[in-house]
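S.K.: Please read through the structure below; I'll follow up with questions.
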Amino acid sequence: MSKFIKIVGIDPALANFGLAEVTLNVENLNFHVDKLILPQSESEAGKVVRKNSDDLRRAQILYRGMIQSCKGAAFAIAEIPVGSQSARAMASYGVCVGVLAACPISLIQVTASEVKRAATGYKNATKAEMIDWAMEKYPYANWVMRKSKGVMVPQACNEHLADALAAIEAGILTDQFIQAIALYKGLKAA
């Protein structure tokens, strides 16, 4: 029985869909970050494209990114989005939930507050605090950086990658995951 499995963390958003591929040790639940992926979908609406066609194109970009990351993975752990205040934000929410519904592997669901608590210890962590936590804990991951005044600085889109990692941290603490790992170990031992 291999004690290592691939897990994918997901932080869904229409513009920046955070994906974290990790190798998890099922014995001690420690993991190594293999790769961070950020499928991005910019709107082309207004460029003689219908909004609904543009939304479909963007959903396909996110779907393909998720499917690629899930290849060879045992589980996915995703922060499930909640409703929103505007019609446009609700459309983005619908796209993200639809993409998650198409996940080809077992999906463990976590909430935004569980994700923030797992990372920082409190449920109201800011985007900057999430990025700081993740970059400090996983400094060798392939973060999105740019050069500013001769110094490499992290980009704001790292929020989604940080949340994808924190989703894994929160997900491995859930009863659902603990039961799934126990079943996995039992099947592999048989």
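The values are calculated or read from the model by the stated rules, or taken from the named source; none is laboratory data. Please read these numbers as outputs of a predicted model, since none were measured by experiment. Backbone-built Cβ (ideal geometry, glycine too); neighbour counts: all protein chains shown.
S.K.: Could you grab me the full set of residues in the stretch 120-154 that are closer than 23 Å to Phe31 by Cβ, part of a loop (DSSP other than H, G, I, E, B) and not aliphatic (A, V, I, L, M)?
M.R.: Gly121, Tyr122, Lys123, Tyr138, Pro139, Tyr140, Asn142, Trp143
S.K.: Could you go through the stretch 51-61 and let me know if any residue there is buried (at least 19 other Cβ atoms within 10 Å of the Cβ), in contact (Cβ under 8 Å) with a residue 12 or more places away in the chain and within 21 Å of Tyr138 (Cα to Cα).
M.R.: no
S.K.: Which of the numbered conditions does Asn28 fail, given that it passes all the others? Conditions: (1) at pLDDT 90 or above; (2) more than 23 Å from Ile178 (Cβ to Cβ).
M.R.: Only one criterion in (1) at pLDDT 90 or above; (2) more than 23 Å from Ile178 (Cβ to Cβ) is unmet by Asn28, namely (2).
S.K.: List the number of the failed condition for Gly72; all other conditions in (1) loosely packed, with under 13 Cβ neighbours inside 10 Å; (2) modelled with pLDDT of 95 or more; (3) farther than 21 Å from Glu169 by Cα hold.
M.R.: That leaves (3) as the condition not met.
S.K.: Among the listed residues Asn142, Asn158, which satisfies the condition of being among the polar types (S, T, N, Q), within 24 Å of Ile7 (Cα to Cα) and out of contact with any helix residue (DSSP H, G or I) (no Cβ under 7 Å at 6 or more places or on another chain)?
M.R.: Details: Asn158 fails: out of contact with any helix residue (DSSP H, G or I) (no Cβ under 7 Å at 6 or more places or on another chain).
Of Asn142, Asn158, the one residue that is among the polar types (S, T, N, Q), within 24 Å of Ile7 (Cα to Cα) and out of contact with any helix residue (DSSP H, G or I) (no Cβ under 7 Å at 6 or more places or on another chain) is Asn142.
S.K.: Any idea which of Pro154, Pro139 is farther than 15 Å from Leu19 by Cα and touching a residue at least 12 places away in the same chain (Cβ under 8 Å)?
M.R.: Working: Pro139 fails: touching a residue at least 12 places away in the same chain (Cβ under 8 Å).
Being farther than 15 Å from Leu19 by Cα and touching a residue at least 12 places away in the same chain (Cβ under 8 Å) holds for just one of Pro154, Pro139, which is Pro154.
S.K.: Yes or no: the stretch 83-106 includes at least one residue that is in a strand (DSSP E or B) and either within 23 Å of Val22 (Cβ to Cβ) or more than 17 Å from the chain's Cα centre (by Cα) (or both).
M.R.: Taking the stretch 83-106 and keeping what is in a strand (DSSP E or B), we get 106.
Add one more test, that the residue is either within 23 Å of Val22 (Cβ to Cβ) or more than 17 Å from the chain's Cα centre (by Cα) (or both), and what stays is 106.
Yes, some residue in the stretch 83-106 is in a strand (DSSP E or B) and either within 23 Å of Val22 (Cβ to Cβ) or more than 17 Å from the chain's Cα centre (by Cα) (or both).
S.K.: Let me ask you something else. List pairs: first residue in the stretch 1-19 and free of Cβ contacts under 8 Å to residues at least 60 places away in the same chain, second residue among the charged types (D, E, K, R) anywhere in the structure, Cβ distance under 6 angstrom, at least six positions apart or on different chains.
M.R.: Close Cβ pairs (under 6 Å, with a partner that is among the charged types (D, E, K, R)) amount to Lys3/Glu27.
S.K.: So for the stretch 53-64 (the condition being within 20 Å of Val110 (Cβ to Cβ), under 20 Å from the mean Cα position of the chain (by Cα) and assigned to a loop (DSSP other than H, G, I, E, B)), does at least one residue qualify?
M.R.: Taking the stretch 53-64 first, the residues within 20 Å of Val110 (Cβ to Cβ) are 62.
From what's left, under 20 Å from the mean Cα position of the chain (by Cα): 62.
Now narrow it down to the ones that are assigned to a loop (DSSP other than H, G, I, E, B): none.
Checked the stretch 53-64: no residue is within 20 Å of Val110 (Cβ to Cβ), under 20 Å from the mean Cα position of the chain (by Cα) and assigned to a loop (DSSP other than H, G, I, E, B).
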